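I have placed the structure first, in the form of structure tokens, so that the comments after it can refer back to it.
Derivation of every value follows stated rules applied to the coordinates shown; laboratory data play no part. None of these values were measured; they are calculated from a predicted model. FYI the Cβ positions are ideal-geometry reconstructions off the backbone, even for glycines, and counts take in every protein chain you see.
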2 protein chains.
Amino acid sequence: MAAARIIGAALTSDHAYARLAYLTDHIGNRLSGSKNLEQAIDWAVSEMKRDGLDNVRAEKVMVPHWVRGEESLELLSPVSRKLQMLGLGNSIATPADGIAAEAVVVRDFGELDRLGERVRGKIVVYNAPFTNYGATVLYRLQGASRAARYGAVAALVRSITPVSLQTPHTGAMNYDPGQPKIPVAAVTIEVAELLQRMNDRGEHPTLRLKMEAKFLPDAESANVIAELKGTEKPDEVVLIGGHFDSWDVGQGAHDDGGGVIVAWETVRLLKQLGLRPRRTIRAVLYTNEENGTRGGNAYRDAHRTEIAKHILAIESDSGVYRPEGFGLVATAPLQVRANLQEIAKLLAGIGANQIAENGGGADIGPMMHEGVVGASLDVDGTHYFDIHHTPADTLDKVNPRELALCVATMAVMAYTVADLEEPLGHR
Amino acid sequence: MAAARIIGAALTSDHAYARLAYLTDHIGNRLSGSKNLEQAIDWAVSEMKRDGLDNVRAEKVMVPHWVRGEESLELLSPVSRKLQMLGLGNSIATPADGIAAEAVVVRDFGELDRLGERVRGKIVVYNAPFTNYGATVLYRLQGASRAARYGAVAALVRSITPVSLQTPHTGAMNYDPGQPKIPVAAVTIEVAELLQRMNDRGEHPTLRLKMEAKFLPDAESANVIAELKGTEKPDEVVLIGGHFDSWDVGQGAHDDGGGVIVAWETVRLLKQLGLRPRRTIRAVLYTNEENGTRGGNAYRDAHRTEIAKHILAIESDSGVYRPEGFGLVATAPLQVRANLQEIAKLLAGIGANQIAENGGGADIGPMMHEGVVGASLDVDGTHYFDIHHTPADTLDKVNPRELALCVATMAVMAYTVADLEEPLGHR
């Protein structure tokens, strides 16, 4: 009966969409260390108090403060042309007058390894077509250091996406401490393919990459928390969350403005409906998922003494498209899986009743490492990577009805789990 | 038999693609008045002579020389943000410090007319969703003057496209001589929707538009012509063509680099195969289609005495996607239509045997006005307007096999018409 009320209320409310509109249109993108992110945090705390939620608070987290600065990429020869690029998060800068060198284009790490020392002094361009995110993102994460190992002076990575309209995708990269640090940027599919053609024709294209990227001192930020306190077992927690930070382009609408709004709206809606479950539902709007996971780590550290009381943690960080159900960590106890499968039947009417074989999330990862059972809100991912980490991750890409369906899905699951008479299952 | 040879040769050759690659990768986009366009013209004349084609020449045409200069659009309130834009061709500049004014967003001309004088002193933003090109492009062509009529100080037009990844589309606009000239630019779908939302929420967004756009004195350019001289009736001409100029973004690959390569490759391939028809096939690479149609007008003027001898003119300017056949001008004599339908059967094997009810083209328009029967190479247009007039109209969007199919289609039709024993049909 509660499920029907929740679904009905979620699907007839425009409250979630209006909040996401404020977040995206009025605040905008929210990289760690930016004024926008802190403005979003202050706004959320204030609004959550107005919502009448329990234990509203901002838990301080120090976050990395990487800033992009000016950046550009220029083809110098065989012809002169400006090329579309977007620096990768965590990258170092080039010298002020840039790095000018020949480009060597490879389609995969194997090709790089076969070239080996022949890339010394050159700019390695990874032109790896998108297969799936987990596989292709390795070029973004590791490309710089793997090229630096052979003496490359900079690296460029084809954007991690299946489609492009000259659309560059940023995202985090990591330096291997054993290798020299070299600057690294994303290029569009179009630019990668242009350089590939020139490479294959033996034209030895040369490039000039300029980047001002740098780290400022760590900045103060916070995880934002609001609760619906449980009636019978208030110390037992069902955690739902997403991340409040985003990259510094677009609006961070799907990634992950939508996700934090889903978590927040879940507790607000239940509160409004007077549906208070036996256990506590805690919404956490994590900071610094994109370039540090400091929010997820800080939450684990600050809540160590109650970690064992977290009976389930659900992260929403795959966009707010049509929900399909949940992904439950593969190592979850069988009883938990059986319970979630049973509860998901309440969502069959909106087509969100799948419990996938695996799930979890970056922000809840540190908790999961300590034994908390983790899950993800799973959605139709067909178009997520088209706009992921780009200037095109904007509110117009969010379908209000699909967002409402995500809220309904999360709220039914969180409420029902939190209100179970029996335990959800052994940890 | 000739058709089978032509199709076989076209589909086993990479010559057309290699030429298009040189044009796009090494020369790049080609706006009228630019060095790139003149470089392309010189290259084509030189290469056509090397191809051994007949009567290779560049026929001088004076063309408008519009230059974009620096340009930007900024949201000033309710929040400050840079917005994606691209000035429209033929627009005037703003003052050096820009035009700052409130935005008023309308979904169509009707809404503008209902607002009337209430847009005085404001920037009119047309947020008209794409229906089809012919209908939606009216906002780009007429939007500035229709807003100026009511005292608007500038206009912005949602890009004429069904899809966007923050992708602005430029293109020509026209000033109504009866109205004040105001600057006009395209914005992305994302920006138009952002402003629409702010407008609808009553937030009175304000913008600053800066554009340096201006006309320099007319520049010298040329139509490039090469022929395969007919054996029996060399004064009768089957004209095939496209336009060599493009907008000043991307590579002008589909629009219309591919089209000119199809025309050129048609005569080169027939020459190589030793297939010389009874009548002359003339390939014309027109200049200045995009912002003036001076090439099409100049061709008509220079060839007035032989206009009556043009038995058919086929333009390729819809991209070089999978060919479907030809569009024949609706007013074509029935005998011409019957002949083309019969000839098109030769193209059934490659699925390019449709003769659509109407067709023609901008460059051959002036000739058609003088009575020449016009047609268009028709292709699958599903994705043309995704990239039309954008930085994403690049060679990677061209499928080499589809380009070869376009060459085969054009070459079979042009050769067979030119080699008919009987007349094609009464004018």
Looking at segment A:62-110 only, could you name the residues that are within 14 Å of chain B (Cβ to nearest Cβ), assigned to a loop (DSSP other than H, G, I, E, B) and within 27 Å of the chain's Cα centre (by Cα)? A:Arg68, A:Glu70, A:Gln84
Residue within segment B:318-336 that is crowded, with 18+ Cβ neighbours inside 10 Å and in a helix (DSSP H, G or I) present: yes
Of the conditions (1) closer than 27 Å to B:His388 by Cβ; (2) of a type outside the set (Lys, Arg); (3) touching a helix residue (DSSP H, G or I) at 6+ places or on another chain (Cβ under 9 Å); (4) free of Cβ contacts under 8 Å to residues at least 40 places away in the same chain, B:Val105 satisfies every one except a single condition; which number is it? (4)
Across segment B:1-47, what is the number of residues that are under 23 Å from A:Leu194 (Cβ atoms), of a type in the set (A, V, I, L, M) and in a loop (DSSP other than H, G, I, E, B)? 1
Selection from segment A:129-181 of residues that are away from chain B (no Cβ under 14 Å), part of a loop (DSSP other than H, G, I, E, B) and buried (at least 24 other Cβ atoms within 10 Å of the Cβ): A:Ala152, A:Met173
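Determine whether A:Thr416 is away from chain B (no Cβ under 14 Å), polar (S, T, N, Q), under 26 Å from A:Thr331 (Cβ atoms) and touching a strand residue (DSSP E or B) at 6+ places or on another chain (Cβ under 6 Å). Let's see the steps before the verdict.
Details: away from chain B (no Cβ under 14 Å): yes; polar (S, T, N, Q): yes; under 26 Å from A:Thr331 (Cβ atoms): yes; touching a strand residue (DSSP E or B) at 6+ places or on another chain (Cβ under 6 Å): no.
Taking the combined requirement at face value, the residue does not satisfy it.
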Out of the residues in segment A:369-397 that are within 13 Å of the chain's Cα centre (by Cα) and within 14 Å of chain B (Cβ to nearest Cβ), state the one that is surrounded by the fewest Cβ atoms within 10 Å (Cβ to Cβ). A:Tyr384
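Considering only strands (runs of 3 or more DSSP E) fully contained in segment A:206-306, which possess at least 3 residues that are under 15 Å from the mean Cα position of the chain (by Cα) and either polar (S, T, N, Q) or crowded, with 19+ Cβ neighbours inside 10 Å (or both)? Before you say what the answer is, go through the steps one by one.
Details: elements: A:206-211, A:214-228, A:233-243, A:279-286.
So the answer is A:233-243, A:279-286.
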Residues located in segment A:372-409, provided they are over 23 Å from A:Ile6 (Cα atoms), aliphatic (A, V, I, L, M) and not in a loop (DSSP other than H, G, I, E, B): A:Ile387, A:Leu395
Scan segment A:51-61 and give yes if some residue there is outside any helix (DSSP H, G or I), more than 14 Å from chain B (Cβ to nearest Cβ) and farther than 30 Å from A:Ala283 by Cβ, otherwise no. no
Filter result for the condition that a residue is hydrophobic (A, V, I, L, M, F, W, C), over 18 Å from the mean Cα position of the chain (by Cα) and in a helix (DSSP H, G or I), over B:Ala352, B:Ala344: B:Ala344
Checklist (1) assigned to a helix (DSSP H, G or I); (2) polar (S, T, N, Q); (3) under 15 Å from the mean Cα position of the chain (by Cα) applied to A:Asn339, failing item: (3)
Among the listed residues A:Lys214, A:Lys210, identify the single one that is more than 12 Å from chain B (Cβ to nearest Cβ) and within 23 Å of A:Asn29 (Cα to Cα). A:Lys214
Which condition number in (1) under 18 Å from A:Gly351 (Cα atoms); (2) touching a Leu at 6+ places or on another chain (Cβ under 9 Å) is the one that A:Glu402 fails? (2)
